[in-house]
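Before any comments, here is the structure.
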Amino acid sequence: MTERQKMLIKQMYEEMIDEEKSSNKREQVCNICGKEFNIWDEVDKFGLHCKIGYGSKYDLTEINLTMCCDCFDKLLDYILPQCKIDPLTDIPFVKF
């Protein structure tokens, strides 16, 4: 790995850390209903976060959609009946 590559990786890492620190300082709110997050919303962290490449009408954009539990449930209630393949799977219960 060249020195330039190392420098770029370090810079990208530092930017990610700075971005994470600044996002942690803000109060989390639901992008859909505007509600300030409660403890359950904070724990679950429902959302859609990705960079959109080509093949979409939203090419070359990024989405950071954060949802409260209620809006996530409403979204799934809307999407799941339209799915040809069920995307839900049960998580095994673990006893401690």
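Some notes on this structure:
- Amide H contacts under 5 Å for Ile32, placed H, 5+ residues apart: Cys68
- Within the listed set Cys50, Cys33, Cys71, the residue fluctuating most in the Gaussian network model of the chain (springs between alpha-carbon atoms under 10 angstrom) is Cys50.
- Only helices enter the 222 nm calculation for the chain: every DSSP H run of n ≥ 4 contributes -39,500 (n - 2.57), and dividing by all residues gives -13500 deg cm²/dmol, rounded to 500.
- Zone of Trp40's modelled label, taken as backbone nitrogen in the range 48-92 under 17 Å from a point 7 Å along Cα→Cβ: 67-77
- Placing unit charges on the Cβ atoms only, positive for Lys and Arg and negative for Asp and Glu, gives the range 3-82 a dipole magnitude near 300 debye about its Cα centre.
- 5 angstrom amide H check on Ile52, placed H, neighbours 5+ away: Leu60, Thr61, Glu62, Ile63
- Farthest toward positive dipole pole in the chain [+1 Lys/Arg, -1 Asp/Glu at C-beta], among Thr2, Tyr58, Ile79: Thr2
- Per-selection Kirkwood Rh - the chain (Cα, Å, 1 d.p.): 16.9
- Derived scalar couplings between HN and Hα for the range 57-72 equal 6, 9, 3, 6, 10, 10, 10, 10, 9, 10, 10, 6, 4, 5, 5, 4 Hz in order, rounded to whole Hz, by the Karplus curve 6.51 cos²θ - 1.76 cosθ + 1.60 (θ = phi - 60°), x for Gly and Pro.
Quick note: the coordinates plus some simple rules give every number you see, no bench work behind them. Given the structure is predicted, the values throughout are model-derived calculations rather than measurements. With ideal geometry, Cβ positions are generated from the backbone for all residues, glycine too; neighbour counts draw on all protein chains shown.
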